[in-house]
Amino acid sequence: DNRLWSRAFRRRLDAESVHDAILVVSGRLKEVHGGPTFPGTLAADYGYAPDETTRAVFIPVFRNALPEFFDLFDFADTSVVTGKRNAATVAPQALYMLNHPFVMEQARAAAGRFLKAEPDASARVDSIYVSALGRPASPSERKLALDFLAETQKAAKPMKDEEAWGMLIQAVFASPDFRSID
């Protein structure tokens, strides 16, 4: 019960919190509350694609059309009453964070946002870490990030700034620190 500890144990975020955190960092989280969550003309839930930029709590959950993100990150089974969710760490979670178009698109959007807001690369890395992880980058993390960005410009085909920074932000999204709370 953490009475004799200086702080609580590290906890994993649930699927909804990770989804919303990605959208907050990208600046694309819709702050709309209330109203219909799916079109009234919807005849069946098969093939239903929700608006991914709304808060996860407002995304309708159908038994036959669970969003892939929720399925991978231990969302409760919609067919049964669940008192406690599973907490599994599996390879498809990391692969999703590194390869899925949703995460890549949000990382590029965040890169564009940070490129406009902060002119200095080192300060930009700190801003990204503060926004995504709630803390500034450590000196070694800052050095790794700046070295990575320098390497993207030395390649035979240099990357655009937004693409390189997007890859960095995507790596921060894929880190275990992003999916947990200290």
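The values are calculated or read from the model by the stated rules, or taken from the named source; none is laboratory data. Keep in mind that this is a model prediction, so the values were computed, not measured. Every residue, glycine among them, receives a Cβ derived from its backbone with ideal geometry; neighbour counts consider all protein chains shown. SASA here: full protein model, heavy atoms, side chains in, ligands and nucleic acids out. Shrake-Rupley method; radii C 1.70, N 1.55, O 1.52, S 1.80 Å.
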Any idea which residue in segment 70-95 is farthest from LEU13 (Cα to Cα), counting only those that are assigned to a helix (DSSP H, G or I) and open to solvent by less than 60 Å² (accessible area, probe 1.4 Å)? ALA94
Return the residues of segment 41-69 that are modelled with pLDDT of 75 or more, out of contact with any Phe, Trp or Tyr (no Cβ under 7 Å at 6 or more places or on another chain), assigned to a loop (DSSP other than H, G, I, E, B) and among the charged types (D, E, K, R); say none if nothing qualifies. ARG55
Only residues that are open to solvent by 40 Å² or more (accessible area, probe 1.4 Å) and among the hydrophobic types (A, V, I, L, M, F, W, C): list them for segment 32-61, please. VAL32, PHE38, LEU42, ALA43, ALA44, ALA49, VAL57, PHE58, VAL61
Looking at segment 69-98, I want the residues that are free of Cβ contacts under 8 Å to residues at least 12 places away in the same chain and hydroxyl-bearing (Ser, Thr, Tyr) and have a partner that is in a loop (DSSP other than H, G, I, E, B) and surrounded by fewer than 18 Cβ atoms within 10 Å (Cβ to Cβ) with Cβ atoms under 6 Å, at least 6 apart or on another chain. Which pairs are those? THR82/ALA76
Just checking, how many residues over segment 45-68 are over 15 Å from GLY35 (Cα atoms) and either basic (Lys, Arg) or without any contact (Cβ under 8 Å) to a residue 24 or more places away in the chain (or both)? 12
Can you tell me which residues in segment 106-137 are in a helix (DSSP H, G or I), touching a helix residue (DSSP H, G or I) at 6+ places or on another chain (Cβ under 9 Å), loosely packed, with under 15 Cβ neighbours inside 10 Å and free of Cβ contacts under 8 Å to residues at least 24 places away in the same chain? ALA117
